[in-house]
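Since the structure comes first, as structure tokens, the remarks are kept for the end.
The values are calculated or read from the model by the stated rules, or taken from the named source; none is laboratory data. Nothing here was measured: the structure is a model prediction, and the numbers come from that model. Cβ sites come from the backbone with ideal geometry, for glycine too, and all protein chains shown count toward neighbours.
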Amino acid sequence: MALVDVSRIPQHVAIIMDGNGRWAQAQSKPRTAGHERGADAVRATMRAARRLGIPSLTLYAFSEQNWDRPEGEINALVDLLCECLVSERNELLDNEIRLSAIGRLHKLPQHAQNRLLELSAETKSCKGMTLTLALSYGGREELTDAARALASAARDGEIKPDEIDEAAIDRFLPSMDVGPVDLLIRTGGERRISNFLLWGSAYAELYFTDELWPDFGANSLYCAIGDFQGRQRRFGLLPELEQDATARKASRELERAV
Ligand code: FPP
């Protein structure tokens, strides 16, 4: 088992869950069987993240581009999501996990939107971890929506164009509610970000694994975090200045919070 230093846990882990289809193909099963096993991997990863004390876990569950998949596969994914939102209710509540969702959620079927809203409301005071599902999500789409909302706010006199800085943009990006990504994991062998959390991943450490998502689990997460902990984060600075940068970042976040 990989060694994890629990005193240096990444605050925000985001995962591109890839490889369900290939996993199914390798087993001569339909793609939907891969997604079902993928849901088991979601459960195992969520539990492991909670046990480690990771404050935020964001999962790329359905991209804007996934709408181009065959209708049968889309319906199976939506059904699976709805089933999980029912079956995992107690797991979330018992483990103090707050559910959140980002993306163009209005494009989801109404019953899925309702279930998401209900479980988000039920878990809203859970403080142990925030589990964010990115659904009908795209990083460029999120930035586009934020630009539109900022322009409207400027037109309505709610913000002056000169006041638009990074912190203002953060406030218009739902994905930034849980802060920037520290560790971005992608399974399935591809080495791409695929339009996920483009703004928040600016300084994320990237971790790619060939493991297919249905095979991912607690130990895979420990390996990714162990690897993350072996890296030196620089935030664009020289190594000896890294500590200062971390301190500056923390004080900037404190300023924003007050
Ligand atoms: C990518 O695999 C995965 C997805 C498009 C969907 C992720 C969905 C799940 C893990 C299932 C359930 C999720 C929740 C939150 C309940 P792929 O189909 O692109 O795999 P391939 O690249 O091998 O074809």
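Quick notes on this one:
- Just one residue in the set Ala149, Ala167 is farther than 18 Å from Pro55 by Cα and in contact (Cβ under 8 Å) with a residue 60 or more places away in the chain; that residue is Ala167.
- Single residue of the stretch 19-49 satisfying the filter (part of a loop (DSSP other than H, G, I, E, B) and more than 15 Å from Phe216 (Cβ to Cβ)) that is farthest from the ligand (Cβ to nearest atom): Ser28
- Of all residues in the stretch 70-86, those that are within 16 Å of Gln110 (Cα to Cα) and at pLDDT 95 or above have Cβ atoms under 8 Å from Cβ atoms of residues that are within 11 Å of the ligand (Cβ to nearest atom) and acidic (Asp, Glu), 6 or more apart or on another chain, in Leu80/Glu36.
- Contacts under 6 angstrom Cβ, first residue in the stretch 1-28 being within 21 Å of Leu133 (Cβ to Cβ) and in contact (Cβ under 8 Å) with a residue 24 or more places away in the chain, partner of a type outside the set (Ser, Thr, Tyr) and part of a strand (DSSP E or B), 6 or more apart: Pro10/Leu183; Val13/Leu57; Val13/Leu183; Ala14/Leu184; Ile15/Leu59; Ile15/Ile185; Ile16/Arg186
- Of all the residues in the stretch 170-197, those that are surrounded by fewer than 17 Cβ atoms within 10 Å (Cβ to Cβ) and farther than 25 Å from Gly34 by Cβ number 3.
- Scanning the stretch 90-107 for residues that are crowded, with 20+ Cβ neighbours inside 10 Å and hydrophobic (A, V, I, L, M, F, W, C) yields Leu92, Ile97, Leu99, Ala101, Ile102.
- Search result, residues across the stretch 53-95 that are acidic (Asp, Glu) and either over 18 Å from the mean Cα position of the chain (by Cα) or near the ligand (Cβ under 10 Å from one of its atoms) (or both): Asp68, Glu71, Glu73, Asp79, Glu83, Glu88, Glu91, Asp94
- Filtered residues of the stretch 169-217 (kept if of a type in the set (A, V, I, L, M, F, W, C), more than 16 Å from the ligand (Cβ to nearest atom) and in contact with a helix residue (DSSP H, G or I) (Cβ under 7 Å, 6 or more places away or on another chain)): Ile169, Phe172, Leu173, Met176, Leu183, Leu198, Trp199
- For the stretch 1-18, the tally of residues that are acidic (Asp, Glu), within 11 Å of the ligand (Cβ to nearest atom) and out of contact with any Lys or Arg (no Cβ under 8 Å at 6 or more places or on another chain) stands at 0.
- Residues that are among the polar types (S, T, N, Q) and under 22 Å from Arg43 (Cβ atoms), drawn from the stretch 174-230: Thr187, Thr209, Asn219, Ser220
- Residue list for the stretch 57-101, filter: of a type in the set (D, E, K, R), outside any helix (DSSP H, G or I) and over 21 Å from Pro180 (Cα atoms): Arg69, Glu88, Glu96
- Against the criterion of being assigned to a helix (DSSP H, G or I) and of a type outside the set (Phe, Trp, Tyr), Glu142 qualifies.
- Number of the condition not met by Gly157 [criteria: (1) part of a loop (DSSP other than H, G, I, E, B); (2) surrounded by fewer than 16 Cβ atoms within 10 Å (Cβ to Cβ); (3) touching a residue at least 40 places away in the same chain (Cβ under 8 Å)]: (3)
- Residues that are among the basic types (Lys, Arg) and either surrounded by fewer than 17 Cβ atoms within 10 Å (Cβ to Cβ) or over 15 Å from the mean Cα position of the chain (by Cα) (or both), drawn from the stretch 38-52: Arg43, Arg47, Arg51
- Residues of the stretch 139-167 that are under 23 Å from Thr58 (Cβ atoms) and in contact with a helix residue (DSSP H, G or I) (Cβ under 7 Å, 6 or more places away or on another chain): Glu141, Glu142, Ala146, Ala149, Leu150, Ala167.
- Any chance Arg22 is over 16 Å from the mean Cα position of the chain (by Cα) and closer than 25 Å to Ile97 by Cα: no
- Those residues of the stretch 102-125 which are assigned to a helix (DSSP H, G or I) and hydroxyl-bearing (Ser, Thr, Tyr), in sequence order: Ser120
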